[in-house]
Amino acid sequence: METCNNADVPVNKVTSCLEINVLRYLQRTKGFMLVYGHGDLLELIEFTDSDLAQDVDERKSIGGYIFKLSGAAVSWKSAKLTIVSISTMEAEFIACFEGMKQAVWLRNLIIDMKLVDSVKRPIKMSRNGILIFSTYLLEKVLSTEVAMAFSSGSNNAENWGKPLIRLYSLRTLSKMKGNRVFPRSTLVGVDENSSKKMMNNGNGHYAMQRRGLREKEESGKARELRGLEERGEYGIPVTIDVDRNSRKPNNLKNEEFLISGKKCSPHGTNIKVLAQQKIFDVTKYGGIGDGITDNVKAFTDAWTVACQNNGGGVVLFPPGVYLLSPLVLNGKCKGPIGVQIEGTLLARVEKEYSVDIDHWITFKYVDNFVINGGGSLNGQGPSAWPYNDCKKNPHCKRLPCSLRLDYVTNARIDHITSINSKNLHIGLFASHDITISSINISAPANSPNTDGIHLGLSQNIQILDAAIATGDDCISFGTGTNNVNISGVHCGPGHGISIGSLGKIVGDNVSFVDIRNCTFFGTQNGVRIKTWAPSEPGLVSHITFEQIQVDQVKNPVIIDQQYCPSRICDPEVYSRVQIEEVRFSNIWGTSITQNVVNLKCSKATPCQKIGLNDINLTYSGREGPAQSTCSNADVRISGRQNPPACKGKDKALG
């Protein structure tokens, strides 16, 4: 629970900290909504799960459930069980019993609302063995009010019995298939009373106010999601669908309808346009998707009009191939703005558009911004890669980044593909509060400097559920990048996820970074921190690499403070970047080199408080078993260590 501060909130002797925090929570989350998906069947499915004796004070288990109606969450709960369980099976059984009671109540509610005559879908369990049923459970199963089955795949409630750090909060929400979370500021003109009048008991999409989530903000990076409220509430509908057969607005295409004021396909929940915002189709401004005609003027004109439109707008690229010269689009718009790419944007290949220019598509000074649509950006990189000679030419020419966001705030990029960038695929500079999710990035393994996502001078960044295959770092960190959460990234081929290179400028720093639940296949590195030598003073601190799987990776875990890609550096000069408070936890898989953990720190500024926890990395080459090496590092060891961890300066253990 947050600490109440009398300087912040006037608290009398009666008012408790809890009451103040509830009010803070309500104020902070009043603008959030869940958007619900479409389906021809009204299915109520429950997932339940429980841990075993997680509460260290009372040794009680934490159990939870989540209900999904037509594919989206409507009710959930995570709470400490009321009695002590002596086995995992017993804890699961109690969680199942609690979930069964809620299932019966919800079933009766749906019938009472006369939405359908009955509801009968399975309650899915996460484990393999609850074989004993209470009389109550058996009665409900035999009466066919509910059906019970074991979940063979991903259990949506698996995190309900675990404490969640903030990194997992969005990932947990993403398991509520069929929903998205949006600030109300992107839902223009939604009125609860008028939308209730529109309500239709037929096929429906419902936007629900998000309830039951309470975030705990702690000092520094330790931001936890405290769990869900005791009662799972579904909220109230604030807007509703329009029947696509009889009441479809004229401006919607076939098989599309409104969802929370947004236009969507009935086969999915990929939000395409912002609520009640005007669509600015580039083809109405002279755009031609033939792959030959340059569309830079059409894009610029459509953007300008959308940006200056009261209430904002969405620039639409319908299906087609749109040739596009480099351009910079500025913000300071009069409302939320988006770019919806349903076709392919194609970069030009002429040298004047490919060499000695740092961008292809750049957005500057934009707030409340969305890029999505399911389309792609093709940078046509092979036209520029032969000009990349930076490894041997210190005066090499600039090459364009495919998508740049400079000074952008409160933005989301999702459901797009970036192919064959000439340089970086996506670059964030001096931006904050950005979420990048459900994207695909690809370039050949030998394509130079085609980093997937590069972050510089940016804060509060989320990168979730991305597939990245490049010729350089899948994700790279430049100086001034703080408060970053990365989860669900599949990297390979490429150079892994790298913090750095740092040390070129005085004061280079990266801090408070969480990288979790990522996989690496055939990459040069897994998780890496790299600094130049010699270097200016700098700082890397509070970095977590956790739940990392590597498969045939060259350097699974590496700190390299002698980074020297040109191989002509002086080994007797050292980095002055301080690396501290770094944790490598639960990292497993296979390496193609013997040295699976390599902590090569600086003699000038030795690494401090480097944690190795539960490392299980194997090597099957001719040199012998895997080994761990470290130099100039203060290493803290816990859990399993395979190979045995190095413990101090200049020491290797095999």
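Quick notes on this one:
- Scope segment 349-360; condition in contact with a Phe, Trp or Tyr (Cβ under 9 Å, 6 or more places away or on another chain) and either among the acidic types (Asp, Glu) or closer than 22 Å to Gly374 by Cα (or both); matching residues: Asp356, Trp360
- Qualifying residue in segment 513-522 (condition: basic (Lys, Arg) and closer than 28 Å to Ser442 by Cβ): yes
- Of the criteria (1) among the charged types (D, E, K, R); (2) over 22 Å from Ser585 (Cβ atoms); (3) free of Cβ contacts under 8 Å to residues at least 40 places away in the same chain, which one Glu536 fails: (3)
- Of all residues making up segment 450-466, the number that are buried (at least 23 other Cβ atoms within 10 Å of the Cβ) and either among the small types (Gly, Ala, Ser) or out of contact with any strand residue (DSSP E or B) (no Cβ under 7 Å at 6 or more places or on another chain) (or both): 4
- Selection status of Asn586, surrounded by fewer than 24 Cβ atoms within 10 Å (Cβ to Cβ), of a type outside the set (Val, Ile, Thr) and within 24 Å of Lys391 (Cα to Cα): no
- Filtering segment 532-546 to residues that are surrounded by fewer than 24 Cβ atoms within 10 Å (Cβ to Cβ) and within 20 Å of Val635 (Cβ to Cβ) leaves Leu539, Ser541, His542, Thr544, Glu546.
- Scan of segment 339-365 for residues that are within 27 Å of the chain's Cα centre (by Cα), more than 15 Å from Leu316 (Cβ to Cβ) and not charged (D, E, K, R), ordered by number: Leu346, His359, Trp360, Ile361, Thr362, Phe363, Tyr365
- Residue count, segment 480-531 (criterion: within 14 Å of Ile543 (Cα to Cα), basic (Lys, Arg) and surrounded by fewer than 24 Cβ atoms within 10 Å (Cβ to Cβ)): 1
Each value in this text was obtained by applying a stated rule to the coordinates, not by laboratory testing. On a predicted model such as this, the values are computed, not experimentally measured, just so you know. Cβ: placed from backbone, ideal geometry, glycine included. Neighbour counts: every protein chain shown.
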